[in-house]
Structure formats: structure tokens, C-alpha cells
Amino acid sequence: MKLLTFIRQGAPALGVKTERGILDVATAAAGREAPASVMEVIAQGASAIAALADLAAATPADSSAWLREDDLAFGPCVTEPKKIICVGLNYRKHAEETKAAIPEYPILFNKFDNTIAAHGQDIAIPRTTDKLDYEAELVIVIGKKTKYVSREQALDHVFGYCCANDLSARDLQLRTPQWMLGKIGDDFSPIGPYLVTADEVGNPNDLAVKTYVNGERRQNSNTSDMIFACDEIVSYISQHLTLLPGDIILTGTPEGVVLGYPKEKRVYLKPGDVVTIEIEKLGSLTNRFVTEEA
């Protein structure tokens, strides 16, 4: 199932993408019991997914609950993650292009909820950086309380997956050995457009990953190039803290980022640029970059 959040009267609403269009869950339910938000669906798991499937099947084709996707303003596909954990240097070719050593353990850092943004949202380039870079990333969305999970059972704790752009201000990121400053700008983690359930994705370590800047392909890889696979990442993190439903893990980016180019060929993001992150089975996440207002 493909879930999404759209904005109605300034508030997030739950939608389901189907062949008939986008199902507005609240309108279709019309007082019947149904999940009210994507966070409720994640928390309730299989029972909520089954209820939404039944609701979609029972909603007449001429119902006002069916919406055109092109008419919607998207919200983040996961609206309230308690944790945003990122894995650095997790693609072999990306580590090689940046001349970094292949890590022995996952390199972890965190972001905060101020970084969460939506598909289609304009993103302001902060005045504190002139080296803003894109990073296409597969996102793992946790579906169960998870602690000390084995690698063999780790993916059973995953609700689904989505696309992200792990925006990185390289000048701030590399100012010190700690990367956090370059990663925590407002709206630096657009995610979406959809949250796709794990059963629909299948093997998360065999998905094509691409990035386009103004229509030019910059990244073209596959999650099979990950140094640490998704099951290993979830298991490893769970040895050190408890993961909760709705927590998200950004799993790293492949080669092709601006930082990986020779210095004389590096052209960082500027106002007016449009970046699209495309991951197989998950859709395309697009954002336009604008000048930060004074």
C-alpha cells in the first residue's frame, strides 16, 4: 500500500494512493472507524492497512472521497518521527569518490524534526552556506518497538520505505569532525511522496536510486551497493537504543553528489534549481530551491 499525507485547510490529512486516484480517508470513512493519520497507521500496523484496503474497495467510484493527485499539496509522508537517524558513507562507490575509508561499522548521526519537509515544497537555501548538496537516500520506517533485534528478524520490524533527500551544507558539515551542523538546516530532509509498505517493496537492497538536477541525471545507482544492508542497519542501531514506530532511518547516498566531483567541476545547489530523487517502487520526490527570505 502507498500512503501519503496531504494538506487540507492547513492540517495534514491521510490519503491512500490507488489505481482510481487518491482516497481521502476521512471523507471516505464518513464517521466510520478508520485511522486518522499516517502515524496511526504505522502504530496499528497490519490491522490499519487491512481496514484501509477495505475502505478503498467499498468507496464508490463517483465518491467525492476520490481526489486527483495533481490537485494536492503534499505533506511529509511520515509526519512525526521521534527519531531521525542517518547512516554516513554507506555506499561503496560514494566512499571511494570522496576518498574516504570504507567504514568498519555504520557511521551514525542524527537530524531533528525541523528538517522534515514534503514533496513539492520549496526549500530555502540558508544564507550560512554556499555549498548545499543533494543526497538521494532510501528511508527505513520502523513499525514496531525494536531493541536488540537480530539481523535475521530486523526487517520484520520495518513498516515501510520512502525516498529522502539528505541535504548537506558541505562547508558547515566539514567545518569540524562532527557532521551535524551541515545536516540540520530547516527543511533539510524532504521525504515522500509516499510511504510504501514493506510487503510492496520486497527486497530493499535491490532498488534503483537516481537523482536529477534540472533534468540532468546526477546519481544512478542501486541499494545493492550499500556497505551495510538494511537488515544490518536496523539490527545494529537497535543494539544501542530502542526504535519506536514511526522512527526513520536514512540509509546513506550513492556516488554522484557534488562533493564527489573534482573541485573545479563542483556546482552546488542554487536558487531556482529543481531536484528529483527517484527510487524504484517508491516514486519521485521533487523540490525546488529558493532564496531564503530576509
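The values are calculated or read from the model by the stated rules, or taken from the named source; none is laboratory data. A quick note: this is a predicted structure, and the numbers were derived from the prediction, not measured. Glycine also receives a Cβ, built like all others from the backbone with ideal geometry; neighbour counts cover every protein chain displayed.
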- prompt: Restricting attention to region 173-219, which residues are of a type in the set (S, T, N, Q), surrounded by 20 or more Cβ atoms within 10 Å (Cβ to Cβ) and in contact (Cβ under 8 Å) with a residue 40 or more places away in the chain?
  reply: S189, T197, T211, Q219
Considering residues of region 59-72 that are in contact (Cβ under 8 Å) with a residue 24 or more places away in the chain and exposed (fewer than 12 other Cβ atoms within 10 Å of the Cβ) only, the residue nearest to P12 (Cα to Cα): R68
task: Would you please list the contacts, defined by Cβ atoms under 9 Å and residues six or more apart or on different chains, that run from a residue in region 13-31 that is assigned by TED's automatic domain parsing to the domain that holds T59 and surrounded by 17 or more Cβ atoms within 10 Å (Cβ to Cβ) to a residue that is assigned to a strand (DSSP E or B) and among the hydroxyl-bearing types (S, T, Y)?
output: A13/T5; L14/T5; G15/T5; K17/Y194
field: The lone exception for P35 - which of (1) out of contact with any helix residue (DSSP H, G or I) (no Cβ under 9 Å at 6 or more places or on another chain); (2) surrounded by 14 or more Cβ atoms within 10 Å (Cβ to Cβ); (3) without any contact (Cβ under 8 Å) to a residue 60 or more places away in the chain it fails
entry: (1)
message: Return the residues of region 86-121 that are within 16 Å of the chain's Cα centre (by Cα), assigned to a strand (DSSP E or B) and within 22 Å of T276 (Cα to Cα); say none if nothing qualifies.
response: C86, V87, G88, K111, I116, A117, A118
- prompt: Does L108 satisfy being within 29 Å of R170 (Cβ to Cβ), touching a residue at least 24 places away in the same chain (Cβ under 8 Å) and buried (at least 22 other Cβ atoms within 10 Å of the Cβ)?
  reply: no
